[in-house]
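Before any comments, here is the structure.
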Amino acid sequence: MNVEETCEEVRKLLRLTKEPSQPRGDKDAGVLILLRKIGSEFEVFLCVRAMTLRKHPGEVCFPGGMMDENDIDLQQTAMREAEEEVGLRSEDCVLLGSLPSFMARFGILIHPTVAFLTRDFKPIPNPEEVSSTFWFPLRRFLDENEHVSFPIDDGYSVHSYHFTDAPHTFGVTALMCLTVSIGLCQTRPPFDVFPSITVHQMQSLSPEDVMDRIFGKASSRFKNSKL
């Protein structure tokens with residue numbers, strides 16, 4: 001399968017929209033889910049936030065940030081932030097489209113843009129924002145032996161992955177990785193996603209149906225935004 005065919009496969013499996021999602025207010029952020037394929041396995045590009053940052057220091061995240069007044073849309077936000085944070089240029093990848101938005105803590109609405117790497121890329125982390133970067137197999141986010149979760153708020157669960165060979169990944173970043181892995185691996189996780197999306201319920205659902213249910217819940221505002 002060549003790059004063009006792989007890109008089309010990703011678009012179909014994730015059902016990406018060509019148009020970016022629309023901002024809802026003044027707390028909209030764009031992130032870039034950058035993918036590559038090694039053999040038959042998809043990998044995702046992740047960053048570790050600098051320890052000097054005031055918010056969420058040392059946490060694993062996607063390249064991204066808040067929408068700027070000069071950004072045309074949230075896809076541009078994601079690409080701009082990726083270049084500023086890790087040196088990714090538009091010619092390094094193919095922009096494939098957008099996923100539905102995810103609500104994060106403190107009311108920030110995260111709009112994911114998906115791209116596929118098309119040539120060698122050596123990240124150049126901006127030390128003021130990123131301490132390190134790594135690629136990680138998406139299939140590992142379906143491994144129950146490296147996963148724990150706990151419910152918070154109204155029917156929402158926080159997912160946490162304690163990998164032995166990669167940084168601890170949790171929160172909305174982990175949920176987005178899990179969702180993308182369900183779509184690209186075309187399988188359901190062997191653990192509950194939310195209290196309303198259990199292993200038992202997922203037995204009768206397709207991976208696409210599971211993703212739809214995640215999107216429906218993940219875009220909702222937290223009743224307790226401090227969680």
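Do any strands (runs of 3 or more DSSP E) entirely within segment 106-179 hold 2 or more residues that are of a type in the set (A, V, I, L, M) and either more than 17 Å from Phe62 (Cβ to Cβ) or free of Cβ contacts under 8 Å to residues at least 40 places away in the same chain (or both), and if so, which?
Strands (runs of 3 or more DSSP E) meeting the threshold: 147-152.
Please specify each residue of segment 67-79 satisfying the condition of being surrounded by fewer than 21 Cβ atoms within 10 Å (Cβ to Cβ) and touching a residue at least 40 places away in the same chain (Cβ under 8 Å).
Answer for segment 67-79, where residues must be surrounded by fewer than 21 Cβ atoms within 10 Å (Cβ to Cβ) and touching a residue at least 40 places away in the same chain (Cβ under 8 Å): Asp71, Asp73, Gln76.
Under 8 Å between Cβ atoms, at least 6 apart or on separate chains: pull out the pairs that start in segment 29-58 with a residue that is farther than 24 Å from Ile108 by Cα and of a type in the set (Asp, Glu) and end on any residue that is part of a strand (DSSP E or B) and at pLDDT 95 or above.
Glu41/Pro137; Glu43/Leu35; Glu43/Arg36; Glu43/Lys37; Glu43/Trp135; Glu43/Phe136; Glu43/Pro137
If you check Leu95, Leu88, Leu34, Leu53, which single one turns out to be outside any helix (DSSP H, G or I) and either among the hydroxyl-bearing types (Ser, Thr, Tyr) or surrounded by fewer than 19 Cβ atoms within 10 Å (Cβ to Cβ) (or both)?
Leu53
Residue by residue, here is whether (1) surrounded by 13 or more Cβ atoms within 10 Å (Cβ to Cβ); (2) under 15 Å from the mean Cα position of the chain (by Cα); (3) within 15 Å of Cys47 (Cα to Cα) holds:
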position: Glu83; (1), (2), (3): yes, no, yes
position: Arg119; (1), (2), (3): no, no, no
position: Pro137; (1), (2), (3): yes, yes, yes
position: Asp153; (1), (2), (3): yes, no, no
position: Ser157; (1), (2), (3): yes, no, no
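Tell me, yes or no, whether segment 120-130 has at least one residue that is more than 20 Å from Arg80 (Cβ to Cβ) and at pLDDT below 95.
The answer is yes, given that some residue of segment 120-130 is more than 20 Å from Arg80 (Cβ to Cβ) and at pLDDT below 95.
Give segment 193-208 a look and list any residue that's within 22 Å of Ile152 (Cα to Cα) and either of a type in the set (Lys, Arg) or in a helix (DSSP H, G or I) (or both), or say none.
Val199, His200, Gln201, Met202
Within segment 194-207, is there a residue that is under 22 Å from Val48 (Cα atoms), of a type outside the set (Phe, Trp, Tyr) and surrounded by 16 or more Cβ atoms within 10 Å (Cβ to Cβ)?
no
Hey, can you tell me all the residues within segment 56-76 that are outside any strand (DSSP E or B) and of a type in the set (Val, Ile, Thr)?
Listed by number, the list holds a single entry, Ile72.
Is it true that Pro190 is touching a residue at least 24 places away in the same chain (Cβ under 8 Å), in contact with a strand residue (DSSP E or B) (Cβ under 8 Å, 6 or more places away or on another chain) and either assigned to a loop (DSSP other than H, G, I, E, B) or under 28 Å from Met51 (Cα atoms) (or both)?
Answer is no for this residue.
Tell me which residues, restricted to segment 84-98, are among the acidic types (Asp, Glu) and under 23 Å from Glu4 (Cα atoms).
Glu91, Asp92
Do we find that Val44 is surrounded by 21 or more Cβ atoms within 10 Å (Cβ to Cβ) and in contact with a Cys (Cβ under 7 Å, 6 or more places away or on another chain) in this structure?
So Val44 passes the test.
Mind telling me which of the residues Asp153, Asp143, Asp92, Asp165 ends up being in contact with a Phe, Trp or Tyr (Cβ under 7 Å, 6 or more places away or on another chain) and more than 18 Å from Leu34 (Cα to Cα)?
Asp153
The values are calculated or read from the model by the stated rules, or taken from the named source; none is laboratory data. This one's a predicted model, so the numbers in the text were calculated from it and none came from an experiment. Cβ atoms come from the backbone with ideal geometry, glycine included; neighbour counts cover every protein chain shown.
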